[in-house]
Amino acid sequence: MLDLTLIIPAKKEVESLPIFLKEIENYNCKKIIVLQKEDFETKIAIEKIENIKVIEQVKNGYGNALIEGINSVETKYCCIINADGSMNPKYLDEMRKLCENKDLIFGSRYQKPGGGSDDDDLITVVGNYFFTLIGNLFFSLKISDILYTYILGKTLSFKNLKLENSDFRICVEIPIKAKLQNMDYSCLPSHERERIGGKKKVNPIKDGLLILSEIVKYFLRVKK
Ligand SMILES: Nc1nc2c(ncn2[C@@H]2O[C@H](COP(=O)(O)OP(=O)(O)OP(=O)(O)O)[C@@H](O)[C@H]2O)c(=O)[nH]1
Ligand SMILES: [Mg+2]
């Protein structure tokens, strides 16, 4: 997996990130951690870990962390994988192989057999189902999990998306733009684990509304 770079967005992940990095220490790929300049605690927690590259994001937000991460990748493939340990790295090998003939591979918690989540609560199950449904209805995405954002792809394909969202809206921007650009993608069932520790950064109401506005924005644009 020398041609793969993991892009690991991390915001105040002192409890999770060192444990997750330990888990993937023998994965033979590049690892870029994208964090905030002022996140000294996380930086200190990982300063002794070898074979990782840490970049400080210039602009704030989860979306900017991904955009800046993607822009610093130098390998043919890259994969967005969270710092909280919820995305199981055991799928990377298969995602990487599947991606040889594709632009992007989306990890899916809701595709059977194999998909599942130990991290969902009622709100996130309903939200994920709803957003996936309208994404499929509005854009015929044909994906089974629009919000997971455990995505491995060709770096060039990610760059061609010309991503713009600074926040969690980027989660839907990726699959919608991939579809609008006629990219070739598919899903792979993936079992989500609980986050290792620390607090979640997503606010289901605020971020849910932002994501909805993003889906509607593209829908209105396409209808014009
Ligand atoms: N660099 C960076 N990372 C971020 C930012 N916001 C969130 N993250 C990271 O993005 C990933 C996703 O955020 P989470 O809080 O796990 O969101 P979630 O998976 O919906 O919430 P849980 O289900 O509780 O894990 C985590 O690794 C966060 O640390 C940000 O502004 N900057
Ligand atoms: Mg998480």
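Here are some notes:
- For the chain, with +1 on Lys and Arg beta carbons and -1 on Asp and Glu, the positive-most of CYS171, THR5, TYR150 along the dipole: CYS171
- In this Cβ point-charge picture (+1 for Lys and Arg, -1 for Asp and Glu), segment 1-81 has a dipole of about 140 debye about its Cα centre.
- Residue (of ASN182, GLY115, THR75) at the positive-pole extreme of the chain, dipole from beta-carbon charges: ASN182
- Here the 3J(HN,Hα) profile of segment 177-182, calculated from phi with Karplus coefficients 6.51, -1.76 and 1.60 at θ = phi - 60°, is 5, 4, 5, 5, 8, 6 Hz, Gly and Pro shown as x.
- With a cut-off of 14 Å between beta carbons, the residues surrounding THR42 carry a summed charge of -1, where Lys and Arg count +1 and Asp and Glu -1.
- Here the chain has 55 percent of its accessible surface on carbon and sulfur atoms, given a 1.4 Å probe and all protein chains in place.
- Shown here are the Rg and Dmax of the Cα trace of segment 53-99, at 12.1, 33 Å.
- For the chain, alpha-carbon Rg and Dmax in angstrom: 16.3, 53
- Calculated FRET value between LYS142 and LYS37, using beta carbons and R₀ = 35 Å, to 0.05: 0.35
- Around the amide H of LEU141, modelled in the peptide plane, lie the amide H atoms of ASN136, all under 5 Å away and 5 or more residues distant in sequence or on another chain.
- Taking amide hydrogens as placed 1.01 Å from N in the peptide plane, the amide H of LEU188 sits under 5 Å from those of PHE106, GLY107, SER108, each at least 5 positions away in sequence or on another chain.
- Pairwise centroid distance, computed over Cα atoms, of segment 106-140 with segment 23-78, Å: 27
- Only the Cβ atoms of Lys and Arg (+1) and of Asp and Glu (-1) were treated as charged; on that basis the dipole of segment 140-195 about its Cα centre amounts to roughly 180 debye.
- With the highest mean first, a sort of the peptides 3-12, 70-79, 100-109, 215-224 on other beta-carbon atoms found within 10 angstrom per residue produces 3-12, 100-109, 70-79, 215-224.
- Given LYS179/LYS199; LYS177/LYS199; LYS154/LYS223; LYS142/LYS177; LYS90/LYS177, the pairs whose alpha carbons are separated by over 21 Å: LYS179/LYS199; LYS177/LYS199; LYS154/LYS223; LYS90/LYS177
- Sum of side-chain charges, MET1 neighbourhood, beta-carbon under 13 Å (Lys, Arg +1; Asp, Glu -1): +2
- Around the Cα centre of the chain, unit charges on the Cβ atoms of Lys, Arg, Asp and Glu (plus for the first two, minus for the last two) sum to a dipole of about 800 debye.
- For segment 21-37, putting each phi into the Karplus relation 6.51 cos²θ - 1.76 cosθ + 1.60 with θ = phi - 60° gives couplings of 5, 5, 4, 9, 4, 8, 6, 7, 9, 7, 10, 10, 9, 10, 9, 7, 3 Hz, in residue order, rounded to whole numbers and with x for Gly and Pro.
- Here the peptides 134-145, 163-174 are ranked by packing, the mean other Cβ count within 10 Å, and the order with the highest first is 163-174, 134-145.
The values are calculated or read from the model by the stated rules, or taken from the named source; none is laboratory data. This is a predicted model, so every value here is computed, not measured. Neighbour counts run over all protein chains shown; Cβ positions are idealised from the backbone, glycine included. Heavy atoms of the whole protein, side chains included, go into the accessibility calculation; ligands, DNA and RNA do not. Shrake-Rupley method; radii C 1.70, N 1.55, O 1.52, S 1.80 Å.
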